[in-house]
Amino acid sequence: MIKIIALAVVLVVGAVLVIAATRPDTFRVQRSASIQAPPDKVFPLINDLRRFSAWSPYEKKDPNMVRAYSGPASGPGATYAFSGNKEAGKGTIRITDATEASTVRMNLLMLEPIECDNKVEFTLEPKGDVTQVTWSLQGPVPYVAKIVHLFLDMDKMVGKDFEIGLTNLKNLAEAA
């Protein structure tokens with residue numbers, strides 16, 4: 001009986017490892033929202049990390065989070081370091097590229113709870129009286145993370161935060 005249980009465990013673990021090996025080497029999470037404001041009104045709320053923190057859903061995860069800004073006030077080189085509880089984590093966000101009223105690219109380096117180096121991109125597309133804002137996050141998926149992703153849906157976890165953040169951004173931009 002013990003041999004049968006041991007064999008079953010080995011087969012299940014083996015199957016999980018094989019399935020994980022077939023998973024993609026990268027991930028991407030993306031959400032979009034329509035905002036009743038022109039791109040030039042939305043862009044500064046994203047391109048200035050001090051204003052970014054006014055609508056980011058991650059700011060609400062730890063009201064006692066320690067924050068530090070460095071570099072220019074906005075645009076490439078602007079950097080925001082944060083250290084919070086296990087929900088907020090610890091890391092830095094740095095703007096790497098910005099095209100006026102169109103695109104903001106960032107590097108997100110997380111140190112806790114899990115180390116990762118991901119790319120963040122915001123695109124602003126005018127559509128008549130509204131701006132379509134798309135927020136995306138992408139990065140590598142090492143083998144161990146592939147196993148974790150079999151049991152945790154990254155798109156649902158992060159996507160929900162993006163939806164909240166885009167709603168906050170929409171409310172802030174439309175009120176201005």
*To the nearest 10 degrees, how steeply does helix 2-21 sit against the main Cα axis of the chain, on a 0 to 90 scale?*
30
_Pairs of alpha-carbon atoms within less than 8 angstrom and 6+ residues apart define the contacts here; what relative contact order does region 1-119 have, in percent?_
16
*asked:* Checking the cross-link filter: which aspartates and glutamates have an alpha carbon closer than 12 Å to that of residue 61, excluding same-chain neighbours under 8 positions apart?
replied: 87, 161
*Most fluctuating residue of 99, 22, 123 in a GNM of the chain with Cα springs under 10 Å: which is it?*
22
*Sort out for me the Cα centre separation of region 72-112 from region 19-64, rounded to whole Å.*
10
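Under the classification rounded if a/c is under 1.5, otherwise prolate if a/b is larger than b/c and oblate if not, where does region 1-74 fall, given a ≥ b ≥ c as square roots of the Cα gyration tensor eigenvalues?
Working: a/c = 3.88, a/b = 2.63, b/c = 1.48.
Because a/c hits 1.5 or more and a/b exceeds b/c, region 1-74 counts as prolate.
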*Distance in nm between pseudo-label sites at residue 13 and residue 99 (7 Å out along the Cβ direction from Cα)*: 5.0
*asked:* Multiplying the sequence separation of residue 143 and residue 51 by 0.36 nm and subtracting their Cα-Cα distance, what value in nm do you get?
replied: 29.5 nm
*Be a star and scan region 99-122 for residues whose amide nitrogen sits under 19 Å from the point 7 Å along the Cα-to-Cβ vector of residue 28.*
103-108, 117-122
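If we count GluC sites (Glu not before Pro) as exposed when they sit in a DSSP loop and have at most 13 other beta carbons within 10 Å, what is the longest stretch of the chain that avoids them all?
After excluding every exposed loop site, the longest remaining stretch is 1-86.
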*Mind pulling up the Rg/Rh value for the chain? Radius of gyration and Kirkwood radius, both on Cα.*
1.09
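All of the numbers you see were taken from the coordinates with simple rules; none came from a lab. As the structure is a prediction and not an experimental result, all values here were calculated from the model. Glycine also receives a Cβ, built like all others from the backbone with ideal geometry; neighbour counts cover every protein chain displayed.
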